[in-house]
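Please read the structure below before turning to the comments.
The values are calculated or read from the model by the stated rules, or taken from the named source; none is laboratory data. Computed from a predicted structure; not experimentally measured. In this analysis, Cβ positions are derived from the backbone assuming ideal geometry, glycine residues included, and neighbour counts consider all displayed protein chains. When the accessible area is computed, the model is the full protein with side chains, heavy atoms only, and any ligands, DNA or RNA have been set aside. Shrake-Rupley method; radii C 1.70, N 1.55, O 1.52, S 1.80 Å.
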Amino acid sequence: MVSYPVRGEELTVVEALKVRALPEGSCDSLIEFLRMYRDAAQMVMNELWDLNEKLSKKKLHEMFYGKLRKLGFRAHHAKEVYVYAKSIVESARANSGRKPVLRRLSARIDRYDYKLDLENRILVLKLHSNYEVKLKLVASRGRVEKYRGWGNYELVVKYDGKGFWVSVYFKRVVKSVKLKTVMAIDLNFDNLTLATFTLDGRVVKLKRYKTPLRKILTHRIWVERIQKRYAKSWRFVKGIRRAIKKHGERIRSISWDYAHKIGDLIAELALRYRSVVVLEDLEKLRENAKRGRRFNKKLTLWFYRRVQFCVEYEAGERGLRIVKVNPRGTSTRCPRCGSKLVEDSYRTLRCSRCNLIGDRDVVATVNLYMRFSSKYSRCGGLGVPPNAPKPDEAPSGMRGNKDEAMKITSNYINLYES
Ligand SMILES: [Zn+2]
């Protein structure tokens, strides 16, 4: 779980680490605590339910703090219990439900009531009546490494009848980056194309990376071939199943490997150029013609999702923003006049109305950029100045030979001749 409150100069990133926990010694006192906690929360809920009015924190405290303390709860336990009970009652009312009944053994614990040693993965919980319990968290060093330097402010401990689970909530403040450029990313079967524009539409960086989709597809074709050849038996013969599994593993590892690398690379570039990153909204992609009718659509979409996931993740870690725009028509429409483009030569498109000629992938990034700026220049949401090009106006990178952008883009097949 990651969340990014957007307003303000700083972003707070919250993540939960959920792990199994093994108590050292007896777990009786922990189970007793969880029972008490549940029963106390139920008691508070019952009273709130009958009361049928909204209570302030202060009133809640007056009503329940003393009672809960008498039961043996620590100060912060008491607070967690009544806040939790109130939230359950409110959500049950909002859903016009019945009075909720708690069954599960689970408790929220404030950071004053536990000690977490992340290095050794040891957790000490402070329970009722001065009991303490020490738990060993079952997580690799690598998994907890990430949270070094993060703050943690709360955890939830659960008992599922067999064992204990702990979710620790970590948070970290990342400084949000002041935006100077827009980076549009077009992903298609062969290439990932990245173009960075200034807010007034000049191209300052253009890069193209090959995707491993052809390689992935060969593995997929092997799987299909095997399944076809042994149509009746492949499910049952161990050797055949193993061969299929092997190809599947290769597909996954090639994809993740690429996605991680490209995600990191894009985020680093975006940080250097202070970019907002514009991605295609894959939800709106379903029937986009350019996306290889011949190829396995499901597989490519699955691959795009992985790439986007990594880009979003890495960008978030660096305090960068991601915006998704509808990709419909971005690789078939002229960015200057909006007419339909026709194929001119290999991977090059031409507009029959205004004669613009452009590389297919680059045209797509220009269109993505323009879609972004038309979406945000009007509401000014992301600090795009009012002089950003309107959607019907071509960015200056497209205007003629003298433009600076042309020098940068000239390595990439004959761009934008009008
Ligand atoms: Zn045109």
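Tabulated data for the structure shown
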| quantity | calculated |
| --- | --- |
| Residue-normalised accessible area of segment 181-243, expressed per residue, 1.4 Å probe, Å² | 54 |
| Full-stretch length increase - Trp302, Lys284 - with 0.36 nm per residue and alpha-carbon distance subtracted | 5.1 nm |
| Segment 123-247 shape via C-alpha gyration tensor axes, a/c threshold 1.5 | oblate |
| For Arg333, residues with placed amide H under 5 Å, excluding near neighbours | Leu341 |
| Amide N proximity, segment 80-96 versus Glu62 label position 7 Å along Cα-to-Cβ, cut-off under 11 Å | none |
| Efficiency of FRET between Ala94 and Thr12 - r from beta-carbon atoms, R0 30 angstrom, step 0.05 | 0.75 |
| Where labels lie 7 Å past Cα in the beta-carbon direction, separation of Ile226 and Ser352 in nm | 4.7 |
| Gain in span if fully extended, Asp190 to Tyr112, counting 0.36 nm per residue against the direct Cα distance | 22.7 nm |
| Apportionment of accessible area to carbon and sulfur, segment 16-110, percent (1.4 Å) | 49 |
| Protection-proxy order for peptides 72-80, 205-213, each taking the mean of Cβ atoms within 10 Å per residue, highest first | 72-80, 205-213 |
| Label point at Ser167 placed 7 Å out along Cα→Cβ; residues across segment 92-126 whose backbone nitrogen lies under 18 Å | 92, 102-111 |
| Distance between modelled label sites at Lys205 and Val124, nm, 7 Å Cα→Cβ extension | 4.8 |
| Heavy-atom accessible area ranking, 1.4 Å probe, most first, across Trp165, Trp150 | Trp165, Trp150 |
| Cα-derived Rg to Rh of segment 204-354, Kirkwood definition | 1.06 |
| Accessible surface ranking that places the most exposed of Ile216, Ile322 first, with a 1.4 angstrom probe | Ile322, Ile216 |
| Coil-residue trypsin sites (Lys or Arg not before Pro) of segment 231-264, DSSP, other Cβ within 10 Å capped at 11 | Lys232, Arg235 |
| Separation between Cα centres of segment 168-240 and segment 54-101, rounded to whole Å | 47 |
| Probe 1.4 Å - accessible area at Tyr169, Å² to nearest ten | 50 |
